[in-house]
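Some notes on the structure that comes next.
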2 protein chains.
Amino acid sequence: MCQRNFVVGDLEGNVDRMTDDIVRAADEHCDLAVFPELSVTGYPPEDLVLKASFVNDNRRALEKLAVRVTGCVAVVGFVDSHDGRIYNAAAVCADGEVRGVYYKHRLPNYAVFDEQRYFTPGSGAYSLFEVRGVKVGVTICEDAWVSGGPVADQAAMGAQIVVNLNGSPFHRGKVRLREEMLAARALEASCPVVYVNMVGGQDELVFDGASTVVDATGKVVARAPQFEESFLAVDVPLSRSNDGAPAGAVTPLAPDVTETYEALVLGTRDYVRKNGFTDVLIGLSGGIDSSLVAAIAADGLGAEHVHGVLMPSRYSSDHSLSDADELVRNLGIESTTIAIEPAHAAFLAMLEPSIGTGDLGLAGENIQPRIRGTLLMALSNQSGRLVLTTGNKSEMAVGYATLYGDMAGGYAVIKDVPKTLVFALCRDRNERAGRALIPASVLAKPPSAELRPDQYDTDSLPPYEVLDPILEAYIERDSTAADLVAAGYEEALVRRVVRMIDLAEYKRRQAPPGPRITTKAFGKDRRLPITNAFRG
Amino acid sequence: MCQRNFVVGDLEGNVDRMTDDIVRAADEHCDLAVFPELSVTGYPPEDLVLKASFVNDNRRALEKLAVRVTGCVAVVGFVDSHDGRIYNAAAVCADGEVRGVYYKHRLPNYAVFDEQRYFTPGSGAYSLFEVRGVKVGVTICEDAWVSGGPVADQAAMGAQIVVNLNGSPFHRGKVRLREEMLAARALEASCPVVYVNMVGGQDELVFDGASTVVDATGKVVARAPQFEESFLAVDVPLSRSNDGAPAGAVTPLAPDVTETYEALVLGTRDYVRKNGFTDVLIGLSGGIDSSLVAAIAADGLGAEHVHGVLMPSRYSSDHSLSDADELVRNLGIESTTIAIEPAHAAFLAMLEPSIGTGDLGLAGENIQPRIRGTLLMALSNQSGRLVLTTGNKSEMAVGYATLYGDMAGGYAVIKDVPKTLVFALCRDRNERAGRALIPASVLAKPPSAELRPDQYDTDSLPPYEVLDPILEAYIERDSTAADLVAAGYEEALVRRVVRMIDLAEYKRRQAPPGPRITTKAFGKDRRLPITNAFRG
């Protein structure tokens, strides 16, 4: 199982990555080397697939790879075109050539997936491939999620192993769902299933790896690690009556919160590096969100590549600076401090003829994060460092964030992390560190944007312990306000929260991308109109 | 033909709009009142369709409407659900009830369309509906774009008229393509086709109306106006041997450039008003882009609802202020001037310890538009006026725009308008005004961002007459760099431009929405990964 981190569009590089594994597989006397879905192009290639030159180049890259396949059989993912149609395909390569091609039958077109935009589904009779006398079926991703689908059909034709090439994005709990699905398929087919997933971040998606072999009884007999590359040699048990003994390494799964943290680390590292950056800038407020983002960045990129910027205002509390300083020391990162007062005073004076003085409300508050956004972007423009934003999912949901202010930056590390999970992730990271890496006072103090004196999040929002379950129900499960009231939430509160979510769509549309870790992230997972009169 | 401007999600309001037309149709002794696609929900409802409560409410709204249908037959668009599947449907209502339902057969899933994400295609035998002894076939949008599809099939079953409910978004030249398609369908089916389109803006889409009847010979015998609501009574000629005489009003089509201007006006007006705003703010630089946006806004919203903000910097030329002042007077709009120097000086001083002084390059330039963005947003936050941004498609393509600076705002009026078309639109508007509404000097001077002394767009970019055709080929037609070189463009220039386009994807992802007027706009029309190593 060749669980690799491919780069979308890097056709040459991806083929070189695969070549290394093919050579190693032959050296280690493996019969079959299986790669993830669309391994030649990276996944998802999105509208690149609509460019004829991209498809042509990917086929040339496949041919180049096929020539290098000797000593084992390799199954690799690529985009095929035939009679003007485009297919999500797997090539079976052996003895220096492509020996056969399988076209994905089931094309997901829901959630983050748009495969029917691009691909024609495979149809017609299946071919099995013989490898050292063993009949092997080939399937791709969604093909394995359906009962009575391609896996069962190929087994019925005599397949003794079915391999499944995957680009299966992470969300919390996904790996367990996936293994239940694999067990069901193996039992149904009475044959082992070899599931090979890609690993790595691609814009908003994180592919977690955890490639798995289940035997014919549905038992997991090999599992590659999550969130890292892996070349895992497995002796796949062909017989149903095997004793369920491990056929290769079975990497244990991390606890849910740790797993989520690792997904954020990988998503961030890959977005930064695959886009040609080495270093990042983070505005540090002394609050828990920016502290978590800094910890994730330091874990993902190395502390020396993380640069904190403290930008206190006239409303910043003493602890906001001291907590940020303590975090900087704990993480071993560098920091700069730029007080925003000169620009703040300048803006207020410039705006006075138009909007007056005194309590300017939201207009006055938003000036401060926008000054910070401008400072961070100036430092970014000058240094070539990417700005990471620090808003969480609860804020993105209700619009408790300033466009072009704290939302300004290249990657929004925790935009899919609800605030209550932000706390859990910090506690977990501290536990694993064996010390208060994120200072205890950061975890203890009540959340505040500090945009006016004595401001707390709970001035505008219900406590996050109340808010987050409402958000999860409304956003991830499409519950209605009526459902929430029936579940016991106060009606006025529910109406207010739902309205805030609906009205903030315009802000989310201008937010930077960030890693998806729930079953429904803002972004291509949730495509709601901005202009929308429905209140539900 | 009831060509109405529906609001996505406004189920009650949409049904009320239709009720007015149904009453009028009965009063005017019409036999059949035809409405656009998904007229109950508005189009496109996107992920609202995934909410069970939305689908339930839309069906209740339909039932309520059906009760009101007396004196004529009405065909209206709605979302149906049946056995857990969702359909893009048309209801035939008569005598106070829904008498029959048609499910759209062909579901577009390309360009801006995602219908396979939501809907199951209709299948099985067609039903024809009898209206005053005439057999009527019902189809929806894409159904009519295919030869040998539902239109031909229903005609073969005996349909004497086929109606086609539409949500067909505008792009330049679309109406002519559409009428060619309708003529082909009518000829193929040997029966008249009644094509009813919606009108209005919905986020990035503009629906242009121009509902049309073609007779059995393919001749246009009635056409409603573009870009406005219309109730058009038509005596549809059933016989193939009619003399092709007008069956109703045949509104002439406007010239291409004027039509495009009107699309921008409608898209802007509807985005502003449907989102609950009455007034807009526009940063006026004295340049052609902001001048055009102000003219469009004044035409769409009324001059009294347009507020210009002049924000000169130390690098602004005299003519930038005088030209903006002249525009303000010509349009009869209000304006305010806020010099950005105090904040500009403050930022430079605050950043000096980090990035020094002297020529700060891009970092120094970008500070200025970001100050302007912050000022506009403060005025917006205080006044409740929506900020319109002024960047054109050529700039969006190559990234010649500042994120959180000139890109900051709610709606990007000309983001799909290439710079050369910006000039043509201004000339056309002036011609129609019979005077230099947009000052002659604005049209005459060379484009400049004025972010450093003596800066011109051509310092960084090729002349727009050279750039725009490259952009159009690469973006709208997916030409490769190699194709462009083969077409005679200089290779180094092509490589540089293509690279700029690819690298600016991250900026475009954070841009506000704006009306689509070309065959491929940035937005859901063009879904390229940000993380993308392909150079093609």
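Across peptide A:350-357, the average count of Cβ atoms from other chains found within 10 Å of a residue's Cβ is 5.
With contacts taken as Cα pairs under 8 Å and at least 6 residues apart, region B:310-406 reaches a relative contact order of 26 percent. Working from Cα pairs under 8 Å separated by at least six residues, relative contact order for region A:431-536 is 19 percent. If R0 is 35 Å, the Cβ-Cβ spacing of B:Asp359 and B:Leu493 corresponds to a FRET efficiency of close to 0.85.
For B:Glu180, inter-copy separations between label points set 7 Å beyond Cα along the Cβ vector come to 5.3 nm, shortest first. Kirkwood hydrodynamic radius of chain B, from the reciprocal of the average inverse Cα-Cα distance over all distinct pairs: 24.9 Å. Going from the fewest other Cβ atoms within 10 Å to the most, the residues B:Thr251, B:Thr212 appear in the order B:Thr251, B:Thr212. At q = 0.28, 0.30 Å⁻¹, what is the base-10 log of I(q)/I(0) for region A:255-298 according to the Debye formula with one equal point scatterer per Cα and no solvent? Please give it to two decimals. At q = 0.28, 0.30 Å⁻¹ the computed log10 ratios are -1.02, -1.07. Legend: residue pairs A:Lys104/A:Lys415; A:Lys415/A:Lys507; A:Lys51/A:Lys393; A:Lys415/A:Lys524; A:Lys393/B:Lys415, Cα-Cα distance threshold 24 Å; pairs beyond threshold, A:Lys104/A:Lys415; A:Lys51/A:Lys393; A:Lys393/B:Lys415. For chain B, the longest principal axis of the Cα atoms and the long axis of helix B:341-355 meet at an angle of about 70 degrees. What separates the B:Ser322 label point from its copies, with the point 7 Å along Cα to Cβ, is 6.0 nm, written shortest first. In plain terms, the C-alpha convex hull of region A:217-281 casts an average shadow of 6.2 nm² when viewed from every direction. Across region A:386-536 the C-alpha pair distances fall into 5 Å bins from zero in the proportions 2, 9, 17, 21, 21, 16, 9, 4, 1, 0, 0 percent. Helical content alone sets the calculated 222 nm signal of chain A at -12000 deg cm²/dmol, taking -39,500 (n - 2.57) per DSSP H segment of four or more residues and averaging over every residue. Legend: Rg and Dmax of region B:1-135, from Cα coordinates, 14.4, 41 Å. Net charge of the neighbourhood of B:Glu28, taken over other residues with C-beta under 14 Å away and scored Lys/Arg +1, Asp/Glu -1, is -4. The convex hull drawn around the Cα atoms of region B:255-406, when projected onto a plane and averaged over every direction, covers 10.0 nm². Please compute the Kirkwood hydrodynamic radius over region B:200-316, one decimal place, Å, based on all pairs of different Cα atoms. It is 16.8 Å. In this assembly of identical copies, the label point of B:Asp243 (Cα plus 7 Å along Cα-to-Cβ) is separated from its counterparts by 9.7 nm, sorted shortest first.
What's the exposure ranking of A:Tyr103, B:Tyr271, A:Tyr110, A:Tyr43, going from fewest to most Cβ atoms within 10 Å?
Least to most surrounded, the residues fall as A:Tyr110, A:Tyr103, A:Tyr43, B:Tyr271.
Max-minus-min Cα coordinates of region B:333-449 on each principal axis give 54, 32, 24 Å, with the largest extent listed first. Close amide H pairs (under 5 Å, H built 1.01 Å from N) link B:Gly201 with B:Phe207, B:Asp270, residues at least 5 positions away or on another chain.
For region B:422-499, what does the convex hull of the Cα positions come to per residue, in cubic angstrom?
On the way: hull volume 9.3 nm³, N = 78.
Considering the Cα atoms of region B:422-499, their hull volume per residue is 119 Å³.
Paramagnetic label reach from B:Ser460 (point 7 Å along Cα→Cβ; backbone nitrogen cut-off under 17 Å): within region B:481-514, residues B:496-511. Taking a straight line from the alpha carbon of A:Lys520, these aspartates and glutamates sit under 13 Å away, with near neighbours fewer than eight places off in the same chain left out: A:Glu204, A:Asp416, A:Glu472, A:Glu476, A:Asp478, B:Asp47.
For A:Gln226, the amide hydrogen comes within under 5 Å of the amide hydrogens of A:Ala210, counting only partners 5 or more places away or on other chains and with H modelled in the peptide plane. Neighbour counting of Cβ atoms within 10 Å sorts the residues B:Ser291, A:Ser460, B:Ser383, fewest neighbours leading, into A:Ser460, B:Ser383, B:Ser291. Semi-axes of the equivalent ellipsoid for region B:469-536, computed as √(5λ) from the eigenvalues of its C-alpha gyration tensor and ordered from largest down, come to 22, 14, 9 Å.
Close amide-amide hydrogen proximity is noted between A:Ala33 and A:Val73, A:Ala74, A:Val75, each under 5 Å apart and 5 or more residues distant or on a separate chain (H modeled in the peptide plane; Pro and chain starts excluded). Restricting everything to alpha-carbon atoms, can you work out Rg to Rh for the protein assembly as shown with a Kirkwood hydrodynamic radius? Checking Rg against Rh, the ratio lands at 0.97. Dipole orientation for region A:225-360: of the candidates A:Leu253, A:Ser230, A:Ser291, A:Ser230 has the Cα lying most toward the positive pole (charges on Cβ; Lys, Arg +1; Asp, Glu -1).
Where Lys and Arg each count +1 and Asp and Glu each count -1, what net charge lies around A:Arg329 among other residues with Cβ under 15 Å from its Cβ?
Local net charge: -4.
Across chain B, the relative contact order, built from alpha-carbon pairs under 8 Å that are at least six residues apart, equals 11 percent. For region B:409-453, the alpha carbon convex hull comes to 109 Å³ per residue, rounded to a whole number. The alpha carbon radius of gyration of region B:266-337, expressed as a multiple of 2.2 N^0.38 Å, is 1.09.
Between B:Arg172 and B:Glu228, the simple label model (points 7 Å from Cα in the Cβ direction) yields a spacing of 2.5 nm.
With K and R counted +1 and D and E -1, the other residues having a Cβ less than 14 Å from that of B:Gly308 yield a net charge of -4.
Read the figures in this text as sums done on the coordinates, not as results from a lab. Note that the structure is a prediction, hence the values are computed from the model and not measured. We place every Cβ from the backbone using ideal geometry, glycine too, and count neighbours over all the protein chains shown.
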